[in-house]
Amino acid sequence: MKKLLSFLVVGVVALLPLSVNAATITGNCEKDTDCPEGVCRSVCEIRVEGNTQTLTEFSGDFVFTPADGGKIVSVTPGDGWTNNTGNSASFMFTSEGMSDANFDLATVVLEVEEGIEGCNLTVANPSVGGEIEIEITTETEVDTGATLPIAILACGIGAVAVIYIVSKKNKKLYKI
């Protein structure tokens, strides 16, 4: 009887890691380069990936670092979630049952002072997944269309080359 109980305990301990939710929280934040009145806007997309449970509640804290360099302006939950705490840094979302493996959790809009570098948004104490720190990066590439004149030039050179080759083959001139 003792042996059977020992095997049962070992079996339960071996299966415990299989029942742990392996969900991870990911995100990205981009800070605008257009900063009217010295305040930039940053939009952070927070996502949950690898969810294996049906979730009816998701809670935690959004922590902006450095604390005196900006503030949270709005917190918008992803599709299927309801925000029960408004634009607060401590959030609690509810759902009728989110069972998707990957889903958008929230969009957080921040106001960041223009000169602040090395900003982070941390999702702390999440009810699912582990804590994550998201670096706020600055948009540096602006799509200006500067490559368009180069493309037009290349097409023109190609057209001239085709005309030259075709005209070389037809050396005969006909008068009509």
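Points worth noting:
- Sub-6 Å Cβ pairs linking a first residue in the range 113-130 that is closer than 16 Å to Asn28 by Cα to a second residue that is part of a loop (DSSP other than H, G, I, E, B), at least 6 apart or interchain, are Ala124/Glu131, ordered by first then second residue.
- Among the criteria (1) at pLDDT 75 or above; (2) hydroxyl-bearing (Ser, Thr, Tyr); (3) under 19 Å from the mean Cα position of the chain (by Cα), the one Thr140 does not fulfil is (1).
- Some residue of the range 97-108 being more than 20 Å from the chain's Cα centre (by Cα) and either surrounded by 15 or more Cβ atoms within 10 Å (Cβ to Cβ) or at pLDDT below 85 (or both): no
- Screening Thr33 with (1) under 22 Å from the mean Cα position of the chain (by Cα); (2) surrounded by fewer than 15 Cβ atoms within 10 Å (Cβ to Cβ); (3) at pLDDT 90 or above; (4) of a type in the set (Val, Ile, Thr) gives one miss only, at (3).
- Residue that is surrounded by the most Cβ atoms within 10 Å (Cβ to Cβ) [pool: residues in the range 60-91 that are more than 25 Å from Lys31 (Cα to Cα) and over 19 Å from the mean Cα position of the chain (by Cα)]: Asn84
- Per this entry, Glu117 is not counted among residues that are of a type in the set (D, E, K, R) and modelled with pLDDT of 90 or more.
The values are calculated or read from the model by the stated rules, or taken from the named source; none is laboratory data. Remember, predicted model here, so these are calculated numbers, not experimental data. Cβ coordinates were reconstructed from backbone atoms using ideal geometry, including for glycine residues, and neighbour counts include every protein chain displayed.
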